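Encoded as structure tokens, the structure appears first; notes follow it.
Please treat every number below as a calculation from the coordinates, not as lab data. Everything quoted here is computed from the prediction, not taken from an experiment. Here Cβ is always computed from backbone atoms with ideal geometry, including for glycine, and neighbour counts include all displayed protein chains.
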Amino acid sequence: MRIFTFIWLGQLVSLIGIWMAAFALDIWVFQQTGSATQFALVTLTNTIPLLVISPIAGTLVDSWSRRWVIITSYTFIGLCNLSLATLVTIDKLEIWHIYVINTLISIFGSFQAPANKALITSLVNQEDLPRANGMIQIAMGVQQIVSPLLGGFLLTVIKLRGILLVELATLAIAIIPFLIFHFPEINQRSHEDTKSLSFLQEIAVGWIYLKERSGLLGLMILYSVYQFLVGFVFVLAYPLILSLTTPSGLGIITFFGGIGMLVGATVMSIWGNNWQKLIGPVFTAMSLSGLWIALAGLRPSILEIGIATLLFFLGSPFINGSTQVILQKKVVPRVQGRVFALTGAITGAALPLAAITAAPLADNIFEPLMAFDGPWSQKLIGQIIGSGPGRGIGLLFVIMGCLTLMVTLIGYQYRPIRELEDNLPDCESFAE
């Protein structure tokens, strides 16, 4: 935990820097183009390469030194941001530059993410995994609070170039623990079953590993469906909130979401080691999140949305952190890179799929239905949730919340998931 804490502190600093720069670049793109399509393309260049490259990256991560994978990834991400800062300095930055560099950063990130997750199990004893993953969720909560506030302030003070240079400094800080500490490495050559496999077969190992363990595969399917449903919420949350309040009100609600995530992650980090089983908190938090999503859409009330946002993010660390701990405990270290990359790609695909589904549904079907003169505005559903701008999105929130609750209850009926921690033994941790 001592070495992990140093790594965590460095990555907390870099996480704030990375998201602060991403926030500033998003604003720059929208200010330059005024186009929602161009804005959406920035998101796609951040996610699509990650989904495509992850299976290959996971296989290579299991074959290479995970420590040096992380160092190399940080270095190349830093060079990418240095090139952006240079283009801004000479006043040559164009939109397509951001697309290309975002794509490269996403590719390097596809190596870094599974290497980071797998490295934790080589440093931390199994009984400390909940605490470690709780700390990771704390970092996510902190960046959600700090990055937009700091990014918005620094954008007016040191401009985009200055923010990119600050991000470079935070990346350098994140690399330091990997340079000064010793890390255990996995010797893949000692495993006879990997000697005769081709590279394509190596890539398939992650899928085969999950397929042979129905509880793990079922959990990943449930988690992916959950991420897809929640993706609707993330895509449509800003339009729903802005239909009721100003951008400053949106900032306040985002801030309270970060507070909820920070509190939930802190509780998980402190108490997680005392829980004998983690699948219970996952099911409980998923079920409750469905209720909070439905609450956010039920009435055109900014107060209800604020409360629902706080409660939703309060439970989020228990879902994400506990799921990751279960994987780290149940997946043998020598295939963790492949399995983590595969599960990351599967769950990561949920948000883009939700994005291309949610927006057309909201704009073309549900918003017209719930407009003041819409066919459903005077019916029972309109009397319950109201009518006018944003009420179609509100109805979608209610539907997604109910589906989330239903999917969680169905998943709970599947015994291999429910009894996963009893039926599948823990793998030996490298740290032990």
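For segment 1-180, count all C-alpha to C-alpha pairs, find those more than 19 Å apart, and express that count as a whole percent of the total.
60 percent
Could you give the C-alpha radius of gyration of segment 347-432 expressed as a fraction of 2.2 N^0.38 Å, taking N as the number of residues it contains? Walk me through the intermediate numbers first.
Numbers: Rg = 20.1 Å, N = 86, 2.2 N^0.38 = 12.0 Å.
Against the compact-globule rule of thumb, the ratio is 1.68.
Over the chain, consider all pairs of different Cα atoms and compute the Kirkwood hydrodynamic radius from their mean reciprocal separation; express it in Å, one decimal. Present the calculation step by step, with values, prior to reporting the outcome.
Values: mean 1/r = 0.0441 Å⁻¹.
Its Kirkwood hydrodynamic radius stands at 22.7 Å.
Just need the relative contact order of the chain here, percent rounded to a whole number, with Cα pairs under 8 Å and 6+ apart.
Relative contact order, the chain: 26 percent.
Which of Trp271, Trp28 comes first, and how do the rest follow, when ranked by fewest Cβ neighbours within 10 Å?
The most exposed by this proxy come first: Trp271, Trp28.
Over the residues of segment 201-424, compute the C-alpha Rg and express it relative to 2.2 N^0.38 Å. It would help to have the intermediate numbers written out before the result.
Working: Rg = 18.9 Å, N = 224, 2.2 N^0.38 = 17.2 Å.
With N residues counted in segment 201-424, Rg over 2.2 N^0.38 Å equals 1.10.
With a ≥ b ≥ c taken as the square roots of the eigenvalues of the C-alpha gyration tensor of segment 297-374, please select rounded if a/c is under 1.5 and otherwise prolate if a/b is larger than b/c or oblate if it is not? Numbers along the way, then the final one.
Working: a/c = 6.17, a/b = 1.89, b/c = 3.27.
Because a/c hits 1.5 or more and a/b fails to exceed b/c, segment 297-374 counts as oblate.
May I have the count of lysine pairs in the chain with C-alpha atoms under 27 Å apart, counting pairs 8 or more residues apart or located on different chains?
Qualifying lysine pairs in the chain: 14.
Provide the three semi-axes, in whole Å and in decreasing order, of the ellipsoid equivalent to segment 223-312 as defined by the square roots of 5 times the Cα gyration tensor eigenvalues.
Sorted largest first and rounded, they come to 26, 15, 10 Å.
So, with +1 on the Cβ of K and R and -1 on the Cβ of D and E, and no other charges, what is the size of the charge dipole of the chain about its Cα centre, to the nearest 20 debye?
Roughly 100 debye, rounded to the nearest 20.
Add -39500 (n - 2.57) for each DSSP H run of 4 or more in the chain, then divide by its residues: what number comes out at 222 nm, to the nearest 500 deg cm²/dmol?
-27500 deg cm²/dmol
Cut-off is 10 Å between beta-carbons; in what order do Ile381, Ile253 appear when sorted fewest neighbours first?
Ile381, Ile253
Once the cut-off is 20 Å, how many percent of the Cα-Cα pairs in segment 32-134 end up in the long-distance tail?
51 percent
Taking the Cβ of each residue in Asp422, Asp91, Asp26, Asp128 as the centre, tally the other Cβ atoms inside 10 Å and list the residues starting with the fewest.
So the ranking, lowest neighbour count to highest, is Asp91, Asp422, Asp26, Asp128.
Taking only Cα atoms and a 10 Å spring cutoff, compute GNM fluctuations for the chain and point out the largest among Thr323, Thr284, Thr156.
Of Thr323, Thr284, Thr156, the Gaussian network model singles out Thr156 as fluctuating most.
Filter the chymotrypsin sites (Phe, Trp or Tyr not before Pro) in segment 348-424 to those in DSSP coil with at most 14 other Cβ atoms within 10 Å of their Cβ, and list the result. Could the numbers behind the result be given before it?
Values: sites: Phe366, Phe372, Trp376, Phe397, Tyr412, Tyr414; in loops: Phe372, Trp376, Tyr414.
Here the sparse-neighbourhood loop sites are Phe372.
Going through the DSSP H helices of the chain, which span 27 Å or more along their own axis at the Cα atoms while scoring at least 1.0 as a mean Kyte-Doolittle hydropathy?
Those that clear 27 Å and a mean of 1.0 are 2-33, 36-63, 66-89, 129-157, 159-180, 214-242, 247-271, 279-298, 391-413.
Projected onto the charge dipole of segment 201-424 (+1 at Lys/Arg Cβ, -1 at Asp/Glu Cβ, origin at the Cα centre), which of Ala285, Phe256, Pro352 gives the Cα projection farthest towards the positive end?
Ala285
Are there any trypsin sites (Lys or Arg not before Pro) in segment 340-432 that are in a DSSP loop and have at most 13 other Cβ atoms within 10 Å? List them by number.
Listed in order of number, the matching sites are Lys379.
Rounded to a whole number, what is D in µm²/s for segment 298-342 from Stokes-Einstein with the Kirkwood radius over alpha-carbon pairs (4 °C, 1.567 mPa s)? Mind dumping the intermediate values first?
Details: Rh = 12.9 Å.
Rounded to a whole number, D works out at 100 µm²/s.
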